[in-house]
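The values are calculated or read from the model by the stated rules, or taken from the named source; none is laboratory data. This one's a predicted model, so the numbers in the text were calculated from it and none came from an experiment. Cβ atoms come from the backbone with ideal geometry, glycine included; neighbour counts cover every protein chain shown.
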Amino acid sequence: MSYFAPRHTLRNVLWIGFFAAILAAWAVMYAMSRQAGVDLLGRPAEGMGAMMGPAPFDVLLGMWAVMMAAMMLPTMVPTLRAYEDLIYAMNATWGGWIGVLAGYMLAWIGFAVLITGGQFALLGAGLIDGMGRATSLWVTGALLSLVGLFQFSRTKAICHGVCHAPMTHFLGHWRPGIWGGIRMGGTLGLYCCGCCWGYMVLGFTGGVMNLLWMGLATFFMVLEKLPQVGHYLMRPIGSALLAGGMTSMVLATGLLS
């Protein structure tokens, strides 16, 4: 069969569309940051910080949903590659491939709803400002320490184990067709939320429109998903976050000033 047979043409279209969606999501986030008047570090233009208030819930939810696509779609490459292998080895289909992708993103959109609500709760408590930035070094230190400790937890290990080995999950919970793909993708997405929620919460340390944080978080989440190195990175990352948290708290005391 020629490489340009219909099956391979569909494969190429789907993968090109997938990567185009990632680029589009990042482009939208950049446009949103420019519209909000912030730089790549999420800092508002001079004189604007005090005037900027929180966006409405639906606007924030839309921002988080796009952010989930920009940050989490790149981490899906090993999962989608694993499912693609089953197209040639089992009764998997490209419709199921689309279903896995859709189910995964549905889980993260659900997480976007939760973290949007969390942002309003933190704002109401005075722990973050209207730009989603921690209002004190104590808050920054607490968030860094919380996520750092989570890297050593049993929950992190379990969730990462599933995300890290999508083929094992597919073979153990196989469901054919597009609806089966949605179900398996949704389950994987929930495990991924359990594994990576901390990276999202860290956005509140420097502002949720901080594109540098988004890029670094995406980079580390992609590394954690790589079969060759993922298991070896969780604890070093956790140690670095704990060190950052303790440093922030020491600075908050003013002992080093």
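Using the structure shown, decide if M234 is farther than 29 Å from F120 by Cβ, part of a helix (DSSP H, G or I), among the aliphatic types (A, V, I, L, M) and modelled with pLDDT of 90 or more.
Yes.
Name the residues in region 184-210 that are closer than 19 Å to A25 by Cα and modelled with pLDDT under 90, would you?
G207, V208, M209, N210
Quick test for you: out of C192, C163, pick the one residue that is in contact with a Lys or Arg (Cβ under 8 Å, 6 or more places away or on another chain), under 17 Å from M72 (Cα atoms) and of a type in the set (A, V, I, L, M, F, W, C).
Only one candidate passes the filter, namely C163.
Residues G96, G126: which one is over 21 Å from the mean Cα position of the chain (by Cα), on the phi > 0 side of the Ramachandran plot and modelled with pLDDT of 90 or more?
G126
Is it the case that L146 is out of contact with any strand residue (DSSP E or B) (no Cβ under 9 Å at 6 or more places or on another chain), modelled with pLDDT of 95 or more and under 25 Å from L251 (Cβ atoms)?
The answer is yes for L146.
To keep it simple, each residue is scored yes or no on (1) of a type outside the set (A, V, I, L, M, F, W, C); (2) modelled with pLDDT under 95.
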{"position": "A82", "(1), (2)": "no, yes"}
{"position": "L86", "(1), (2)": "no, yes"}
{"position": "F111", "(1), (2)": "no, no"}
{"position": "L122", "(1), (2)": "no, yes"}
{"position": "H160", "(1), (2)": "yes, yes"}
{"position": "M167", "(1), (2)": "no, yes"}
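Going by what's in this entry, would G181 be described as crowded, with 19+ Cβ neighbours inside 10 Å, over 20 Å from the mean Cα position of the chain (by Cα) and under 23 Å from G110 (Cα atoms)? Give the derivation first.
On the way: crowded, with 19+ Cβ neighbours inside 10 Å: yes; over 20 Å from the mean Cα position of the chain (by Cα): yes; under 23 Å from G110 (Cα atoms): yes.
Yes; evaluated as a whole, the condition is true for this residue.
Can you pull out every residue in region 55-85 that is among the β-branched types (V, I, T) and crowded, with 20+ Cβ neighbours inside 10 Å?
Passing the criteria: T75, T79.
Among the residues of region 118-131, how many are within 23 Å of C193 (Cα to Cα) and surrounded by fewer than 13 Cβ atoms within 10 Å (Cβ to Cβ)?
Number of matching residues: 1.
Which residues, taken from region 219-249, are surrounded by fewer than 20 Cβ atoms within 10 Å (Cβ to Cβ) and either farther than 18 Å from L149 by Cα or charged (D, E, K, R) (or both)?
The answer is F219, V222, L223, L226, P227, Q228, V229, R235.
Failed condition for F152, given (1) modelled with pLDDT of 95 or more; (2) aromatic (F, W, Y); (3) assigned to a helix (DSSP H, G or I), with all others met?
Failing condition for F152: (3).
Identify, from the list G172, G148, the residue that is out of contact with any His (no Cβ under 9 Å at 6 or more places or on another chain) and surrounded by 19 or more Cβ atoms within 10 Å (Cβ to Cβ).
G148
Can you find even one residue in region 68-88 that is over 23 Å from W174 (Cα atoms), among the small types (G, A, S) and in a helix (DSSP H, G or I)?
Within region 68-88, one or more residues are over 23 Å from W174 (Cα atoms), among the small types (G, A, S) and in a helix (DSSP H, G or I).
Does A89 fit the bill of being out of contact with any helix residue (DSSP H, G or I) (no Cβ under 7 Å at 6 or more places or on another chain) and either farther than 25 Å from V229 by Cβ or surrounded by 15 or more Cβ atoms within 10 Å (Cβ to Cβ) (or both)?
Yes; evaluated as a whole, the condition is true for this residue.
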